[in-house]
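The values are calculated or read from the model by the stated rules, or taken from the named source; none is laboratory data. Predicted model, so just to flag it, every value in this text is computed and none were measured. So basically every Cβ, Gly included, is an ideal-geometry build from the backbone, and we count neighbours across all protein chains shown. What goes into the accessible areas is simple: the full protein's heavy atoms, side chains included, and nothing from ligands, DNA or RNA. Shrake-Rupley method; radii C 1.70, N 1.55, O 1.52, S 1.80 Å.
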Amino acid sequence: FDNASLGIFHSLPEGKLLKVNRALALMLGYDSPEDMLSLVKDLAHDVYVDPYSRGKRVSEVIRIHEWNVFEERFKRKDGGIVDVRLHARSVYGTDNAIEYLEGFIEDITEKKRTEEAIHRDRQLKEKILQTASVGIAFAENRKITWANAAMEQTFGFPEAGAYVGKDTSILYATDEEY
């Protein structure tokens, strides 16, 4: 529990933390598990960026009697935001009543930033390629996979994407040029 690299918690469905490990406390900017337990009174408002999201997550965890995986945004003690992957389940006692919720939390902030940067980069490249005044096409194994608007106009493709999967030979006037 305390030596794990992932954040681990036990909480009540109502939102009171019962136990956290050091990794979770540090991930959320607290000095220690004790610091986090003393300052976090209500998970929904003190930890979740969207307080209503916790209620939805708890309902799902209770409804599905197995591990659930969610992506969430948590608040750090200093007010910063952490993107996390939350694995949670409900733990039942001998009387079949919920004793507590338990879970593992992984900081995926850098992964999300990287994915967003790649997405922005792809959008920018697509915009540059699409607005170029010269025809540009990509092919793989002699099959056209993408062409910009200028290429579509130059070769008279009837609609965007009509060329996808076509042999690159359609771009040449004669078989000799191909």
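The table that follows gives values for the structure above.
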quantity: Failed criterion for TRP67 (all others in (1) within 15 Å of GLY103 (Cα to Cα); (2) out of contact with any His (no Cβ under 7 Å at 6 or more places or on another chain) hold); calculated: (2)
quantity: Filtered residues of the range 3-29 (kept if touching a residue at least 24 places away in the same chain (Cβ under 8 Å), of a type outside the set (Gly, Ala, Ser) and more than 11 Å from ILE105 (Cβ to Cβ)); calculated: HIS10, LEU12, PRO13, LYS16, LEU17, LEU18
quantity: Wholly within the range 72-178, strands (runs of 3 or more DSSP E) carrying at least 3 residues that are surrounded by 10 or more Cβ atoms within 10 Å (Cβ to Cβ) and within 18 Å of the chain's Cα centre (by Cα); calculated: 81-92, 98-107
quantity: Any chance HIS45 is within 30 Å of ARG113 (Cβ to Cβ), part of a helix (DSSP H, G or I) and open to solvent by 30 Å² or more (accessible area, probe 1.4 Å); calculated: yes
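For every residue, the table says whether it meets (1) modelled with pLDDT under 95; (2) among the basic types (Lys, Arg); (3) part of a loop (DSSP other than H, G, I, E, B).
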residue	(1), (2), (3)
ALA4	yes, no, yes
ALA23	no, no, no
MET36	no, no, no
ARG54	no, yes, no
